[in-house]
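The values are calculated or read from the model by the stated rules, or taken from the named source; none is laboratory data. Just so we're clear, the structure is a prediction, and the values are computed from it rather than from any experiment. Here the Cβ positions follow ideal geometry from the backbone for every residue, glycine too, while neighbour counts run over all protein chains shown. When the accessible area is computed, the model is the full protein with side chains, heavy atoms only, and any ligands, DNA or RNA have been set aside. Shrake-Rupley method; radii C 1.70, N 1.55, O 1.52, S 1.80 Å.
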Amino acid sequence: MGQALWLADTRRLHALSFYRGSFSKPFGRCEKMAHARISMYMPPDIDPTKAAIAYGCRALSKLNEELQSRDLLTRQKALVALCDLMHDPEYVYEAINIGCLESLKTLLQDDDNLVRIKTTEVLYIMATHYVGRVGFLKHDIIQALSLLLSDHQTLCRENLHQAYKHLAQLPKGAQGIVQSGLIPSLVRKLQKEEDHIQEIILDTLALCLQEDATEALESQAVPCLKEKLLSQNSEIRSKAARALIAISIPLDGKNQVWKNKVIPILVTLLSDTDEEVKANAAGALMHATVTTEGKYAALDANAIEPLLELLSTNPKTKLCLNATKALTMLAEAPEGRKLLLSHVPIFRYLLAHKNEAIQRAAEVAIKVIEWKP
């Protein structure tokens with residue numbers, strides 16, 4: 001009995017010593033008490049300029065409701081949040097289905113500058129996706145955007161032109177712009193806008209003119225593009241020459257290029273320092289020299305020499321192909337054929353080119369040059 005009590009006391013002493021060793025400070029005491037403080041900084045993942053996004057399928061519905069809010073700050077925050085979401089084509093599809101495009105159309109007429117800027121930015125981002133371009137056509141966004149062509153905010157105009165540019169990459173989108181009667185307006189804006197916006201307009205025009213150049217030709221687009229060929233900006237020169245390729249496809253376009261004396265300028269651009277400018281200038285010459293008047297205008301401007309120089313410098317595929325085809329057009333004139341006969345070896349060298357299109361173009365060129373009546 002005594003031994004059992006001794007063992008029990010021993011165990012209690014061991015347990016007590018362990019308890020005291022594990023907790024060196026008694027309960028209810030601490031050397032320093034904690035203080036409640038409110039930070040002056042925002043939480044790390046909170047953006048005060050952006051609306052809080054609801055979870056799951058409710059996200060876009062809530063933002064669409066906020067786009068229609070009477071509170072200016074609520075509309076602004078919803079647009080900022082929408083800009084982020086529209087980079088995902090799945091969100092674009094859902095936004096169109098729940099009616100966001102109609103809300104955005106209304107906001108294009110908002111009195112607040114930031115609201116209009118962000119609205120055009122959302123539409124521009126949506127236009128980078130195929131589903132967005134299709135939605136534009138269904139909801140008549142082309143006409144709605146056109147109301148801001150003269151907006152005093154540069155960012156608004158830049159965003160809407162970016163939207164048109166991406167929309168025009170879809171053939172039906174380019175047709176939609178043409179059918180909306182916007183080509184004359186785009187040609188006029190080309191003469192007034194800032195350089196970086198002119199570049200975007202030229203991209204849009206080049207795509208739209210491939211569908212139908214009638215309105216552009218009636219709007220004096222050729223003299224305007226001629227002026228842009230003389231720009232100090234190489235991007236503008238290049239894109240203007242590209243637009244001239246498209247506008248020269250119909251016969252009326254070829255005739256206007258000749259009548260407005262654009263061909264001598266294109267010949268000059270064959271010696272430009274920018275590779276893309278030279279390639280597009282050669283492409284425009286290729287189309288413009290289909291007519292007899294165009295051929296002799298190019299021959300009078302001594303186009304053969306710079307075109308041959310381009311071929312002798314092992315140019316890139318696009319430049320090589322356009323220069324070869326332009327020389328083939330000039331070889332159809334007796335004077336051109338006579339000048340090119342001594343340069344047939346250059347074309348024979350191109351028969352071994354790795355690009356099949358250039359091989360075929362060189363083969364045709366040789367046949368035309370060596371043709372005898």
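Assorted remarks:
- Filter result for residue 327 (of a type outside the set (Val, Ile, Thr) and modelled with pLDDT of 95 or more): yes
- Selection within segment 59-69 - within 14 Å of residue 104 (Cα to Cα) and not aliphatic (A, V, I, L, M): 61, 64, 65, 66, 68, 69
- In segment 346-362, residue most open to solvent (accessible area, probe 1.4 Å) [restricted to those that are within 12 Å of residue 325 (Cβ to Cβ) and not small (Gly, Ala, Ser)]: 360
- Search result, residues across segment 126-148 that are within 18 Å of residue 64 (Cβ to Cβ) and either crowded, with 22+ Cβ neighbours inside 10 Å or among the aromatic types (Phe, Trp, Tyr) (or both): 126, 132, 136, 141
- Pairs where the first residue, in segment 138-155, is farther than 13 Å from residue 186 by Cα and the second is of a type in the set (Lys, Arg) and open to solvent by less than 20 Å² (accessible area, probe 1.4 Å), C-beta under 9 Å, 6+ apart: 151/116; 153/116; 155/116
- Segment 255-312, residues that are more than 23 Å from residue 344 (Cα to Cα) and either in contact with a His (Cβ under 7 Å, 6 or more places away or on another chain) or among the charged types (D, E, K, R) (or both): 259, 261, 272, 274, 275, 276, 293
- Odd one out for residue 335 among (1) open to solvent by 10 Å² or more (accessible area, probe 1.4 Å); (2) more than 34 Å from the chain's Cα centre (by Cα); (3) within 18 Å of residue 257 (Cβ to Cβ): (3)
- Residue within segment 332-355 that is small (Gly, Ala, Ser), closer than 24 Å to residue 275 by Cα and not in a loop (DSSP other than H, G, I, E, B) present: no
- Complete set of residues in segment 287-331 that are among the aliphatic types (A, V, I, L, M), within 22 Å of residue 243 (Cα to Cα), open to solvent by less than 30 Å² (accessible area, probe 1.4 Å) and in a helix (DSSP H, G or I): 288, 297, 298, 307, 310, 319, 323, 326, 327, 330
- Some residue of segment 274-286 being assigned to a loop (DSSP other than H, G, I, E, B), open to solvent by less than 40 Å² (accessible area, probe 1.4 Å) and touching a Lys or Arg at 6+ places or on another chain (Cβ under 8 Å): no
- Hits in segment 246-271 (condition: within 18 Å of residue 203 (Cβ to Cβ), open to solvent by less than 40 Å² (accessible area, probe 1.4 Å) and not in a helix (DSSP H, G or I)): 248
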